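The values are calculated or read from the model by the stated rules, or taken from the named source; none is laboratory data. None of the values given here were measured: they were computed from a predicted structure. No Cβ is skipped: glycine too gets one built from the backbone with ideal geometry, and neighbour counts run over all protein chains shown. The protein model used for the area step is the full one, side chains on, heavy atoms only, and it has no ligands, DNA or RNA in it. Shrake-Rupley method; radii C 1.70, N 1.55, O 1.52, S 1.80 Å.
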Amino acid sequence: YYVDRSREDDDDPHLPIIPHGLRVNLPCKMHVILDRTDLADIVSWMPHGRSWRIHKRDEFERKILLQYWGECTMPSFHRQLNNWGFIRMKQGKDQGSFYNEYFLRGLPHLCKKMKLRGKVENKAEKRLHQPDLYAISEMHPLPQKSCGVH
């Protein structure tokens with residue numbers, strides 16, 4: 001079941017989201033991409049800021065995957081999302097969008113709590129119990145704009 005992480009503090013505010021010398025991981029790249037208003041017609045946050053959706057798959061592959069991941073294909077990108085714990089919404093207003101409890105608009109520090117997962121984790125139960133992210137956001141609204149990734 002979904003746990004609202006929007007009130008969680010940054011455990012180590014002096015530790016940058018992207019530590020010096022390390023590669024930028026998928027969650028950090030996605031925050032950067034979703035902060036770009038010039039790409040909002042291709043990929044953007046859902047209105048509540050708890051999930052995001054690809055609007056134009058072909059342009060996403062051509063412009064974003066190529067620029068940020070090199071020769072990555074959509075199936076490979078989806079595997080990476082899965083390995084980072086993103087879940088695709090299968091129904092409702094958010095159908096087709098991706099969410100992770102630690103991936104929230106305006107709160108990039110939560111990405112520090114995201115871990116690359118192995119293939120052993122079973123997310124079937126979470127997929128069966130998809131949250132109403134609009135209702136959660138009414139109780140716990142997120143910032144309207146992102147704070148940027150530092």
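State yes or no: is Arg5 outside any loop (DSSP other than H, G, I, E, B) and surrounded by 12 or more Cβ atoms within 10 Å (Cβ to Cβ)? Walk me through how you get there before you give the answer.
On the way: outside any loop (DSSP other than H, G, I, E, B): no; surrounded by 12 or more Cβ atoms within 10 Å (Cβ to Cβ): yes.
Here the answer is no, as Arg5 does not meet what is asked.
Can you pull out every residue in the range 97-113 that is assigned to a loop (DSSP other than H, G, I, E, B), open to solvent by less than 10 Å² (accessible area, probe 1.4 Å) and of a type in the set (A, V, I, L, M)? Correct list: Leu104 only.
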